[in-house]
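The values are calculated or read from the model by the stated rules, or taken from the named source; none is laboratory data. Keep in mind it's a predicted model, so treat the numbers as computed, not measured. Because the Cβ atoms are built from the backbone with ideal geometry, glycine has one as well, and the counts that use them run over all protein chains shown. The accessibility values were calculated without ligands, DNA or RNA, using every heavy atom of the protein model including side chains. Shrake-Rupley method; radii C 1.70, N 1.55, O 1.52, S 1.80 Å.
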Amino acid sequence: MKNSAKVVVIGGGVVGLAVAYNLARLGVKDVVVLERAYLGSGATSRCGAGIRQQWGTEMNCKLAKKSMDIFEEMNEMLEVKRDIELKQKGYLLLAFSDKEMEQFRKNLEVQSKFDIPSREVTPEEAKEIVPHLNLEGIVGGAFCPTDGHANPFLVTEAYAKAAKRLGVEIYTYTEALDIEKKNDKITAVLTDKGKIKTDKVVNTAGGYSQQIGEMVDLELPVKSERHEILVTEKVAPLQGPMVMSFSYNIYCQQTPEGPFLMGYGDPNEPESYNINASWHFLEEMTKKATRLLPPLKHIRVVRQWAGLYNITPDRQPIIAEAEEVPGFYMAIGFSGHGFMIAPMTGVILAEMIADEELSMDLKLDLGRFERGDLILEPSVV
Ligand SMILES: Cc1cc2nc3c(=O)[nH]c(=O)nc-3n(C[C@H](O)[C@H](O)[C@H](O)COP(=O)(O)OP(=O)(O)OC[C@H]3O[C@@H](n4cnc5c(N)ncnc54)[C@H](O)[C@@H]3O)c2cc1C
């Protein structure tokens with residue numbers, strides 16, 4: 001293992017690897033990634049891997065659209081051997097009240113400024129898009145045909161391999177234990193395999209980002225929460241788009257291989273690091289999904305699992321350098337949508353670290369919580 005590095009990235013999920021790849025792409029030498037288990041072992045390999053561009057704030061629309069542009073070029077950009085399995089069959093968002101529909105209309109106006117090809121749909125049009133949809137209670141919806149899904153294992157592997165080709169050293173089964181500081185400046189990262197001298201650390205530890213903050217005496221405003229998900233047996237193609245409802249807190253899609261993947265956010269889930277699967281989820285999820293998409297009741301569930309959401313008070317990430325600790329960067333608190341914006345997160349955080357001009361303006365600093373400057377994004381599951 002190296003004993004010094006220009007930048008040490010803590011966390012080998014999709015975000016940490018995207019940051020490392022982009023740093024190397026910008027010519028930063030001596031980048032190290034520490035991952036305490038295998039690459040993608042955190043939320044990344046457990047996620048639904050949906051990619052949505054239908055957001056309600058300008059910043060999120062831009063982040064999501066530019067990230068989708070990168071996903072579309074990723075096979076060539078990262079010179080992959082295995083296609084990342086990007087499927088763009090759309091996201092159908094369902095409104096169950098006039099108020100919700102009103103919000104969708106406002107969001108659509110914002111999305112149109114960024115060439116996101118989303119549109120309003122009537123219940124009947126929604127049924128044309130997803131013929132097995134139960135329309136009961138649905139007042140309308142929004143559809144974006146270029147939203148989609150990619151394989152999170154293959155995307156992670158693609159970033160890791162491309163980063164390695166550009167000289168990044170990735171140490172798996174290597175845990176960051178502490179960060180040393182002298183006169184408020186970072187001097188080294190201590191790992192279970194030895195010390196790496198550095199003055200720049202990137203916290204991309206997902207559900208464990210708070211512990212990394214504690215290593216530099218920062219109390220980060222993030223909490224972790226279990227989110228569960230299940231997969232069914234493979235069936236013949238039935239559903240193109242992801243079907244999603246914010247008020248039901250549910251998402252359900254068929255992956256290109258044939259299985260359905262679905263999850264929902266339990267409003268009573270406490271803050272914890274618990275990633276055990278529960279019977280309660282299985283019951284609730286199957287009830288909700290078969291009410292909305294009745295033919296699914298004939299399909300067998302084969303597996304369920306859980307992962308951690310890392311959540312901030314405004315459910316928007318923190319992508320910034322900590323003002324209090326120069327050299328301590330963060331891309332954390334993705335609140336359940338970090339896979340879809342990982343490509344642009346990697347680009348922008350790498351630009352910040354390399355002191356380059358930013359590809360887009362971000363207002364995702366840590367100080368916004370103390371200032372009360374929260375981001376009001378209406379479209380979070
Ligand atoms: C059930 C579920 C469904 C989801 N669905 C979607 C979706 O459809 N679309 C979407 O965009 N997002 C989704 N997400 C969110 C998405 O998975 C995350 O936002 C994203 O994967 C975050 O990536 P990351 O690299 O920041 O974190 P992670 O993938 O969690 O990676 C962090 C890594 O840091 C490592 N680590 C932690 N502490 C240390 C340490 N001390 N030393 C070394 N390594 C350490 C961990 O082992 C882990 O591998 C979902 C999440 C869950 C749980």
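Below are the figures for this structure:
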read-out: Gap separating the Cα centres of segment 262-282 and segment 339-381, nearest whole Å; value: 27 Å
read-out: Net charge of Cβ neighbours under 9 Å - reference Gly148; Lys, Arg +1; Asp, Glu -1; value: +2
read-out: Fluctuation leader among Pro221, Pro267, Pro326 - the chain, Gaussian network, Cα springs under 10 angstrom; value: Pro267
read-out: Lys234-Lys197 pseudo-label distance in nm [points 7 Å out on the Cα-to-Cβ vector]; value: 5.4 nm
read-out: Carbon and sulfur %, accessible surface of segment 50-116 computed with the full protein complex present, 1.4 Å; value: 44 percent
read-out: Farthest toward positive dipole pole in the chain [+1 Lys/Arg, -1 Asp/Glu at C-beta], among Gly11, Met215, Leu93; value: Gly11
read-out: Computed label-point distance, nm, for sites Trp279 and Asp361 using a 7 Å Cα→Cβ extension; value: 5.4 nm
read-out: Heavy-atom SASA rank of Leu296, Leu177 (probe 1.4 Å, accessible area, largest first); value: Leu177, Leu296
read-out: Accessible surface, the chain, averaged per residue in Å² (probe 1.4 Å); value: 43 Å²
read-out: Euclidean distance between Cα centres, segment 168-245 to segment 70-106, Å; value: 24 Å
read-out: Cut-off of 10 Å, at most 12 other beta carbons, DSSP loop: longest stretch of the chain lacking such trypsin sites (Lys or Arg not before Pro); value: 114-299
read-out: On Cα atoms only, tilt of 98-112 relative to the major axis of the chain in degrees; value: 50 degrees
read-out: Counting DSSP beta bridges with both ends in the chain, the antiparallel % (nearest 5); value: 75 percent
read-out: Portion, in percent, of the accessible area of segment 309-379 that falls on carbon or sulfur, probe 1.4 Å; value: 45 percent
read-out: Loop GluC sites (Glu not before Pro), segment 175-222 (other Cβ atoms within 10 Å of the site Cβ: 13 or fewer; DSSP); value: Glu219
read-out: Whole-Hz couplings from phi, Karplus 6.51/-1.76/1.60, listed for segment 150-159; x for Gly and Pro; value: 9, 7, x, 5, 6, 5, 4, 4, 4, 5
read-out: For the chain, built as a Gaussian network whose Cα springs stay under 10 Å, the top-fluctuating residue of Gln88, Gln54, Gln103; value: Gln103
read-out: Simple spin-label estimate for Ser97 and Ala354 in nanometres, 7 Å along Cα-Cβ; value: 4.7 nm
read-out: Volume in Å³ per residue [convex hull over Cα atoms, computed for segment 166-316]; value: 167 Å³
read-out: When the chain is reduced to its Cα atoms, the Kirkwood hydrodynamic radius in Å; value: 21.2 Å
read-out: Magnitude of the charge dipole, the chain, Cβ model with Lys/Arg +1 and Asp/Glu -1, debye to 20; value: 980 debye
read-out: Exceeding the 32 Å Cα-Cα cut-off - candidates Lys81/Lys181; Lys200/Lys363; Lys161/Lys234; Lys113/Lys164; value: Lys81/Lys181; Lys113/Lys164
read-out: Residue of Leu230, Leu78, Leu93 that the Gaussian network model of the chain assigns the largest fluctuation, springs spanning Cα pairs under 10 Å; value: Leu78
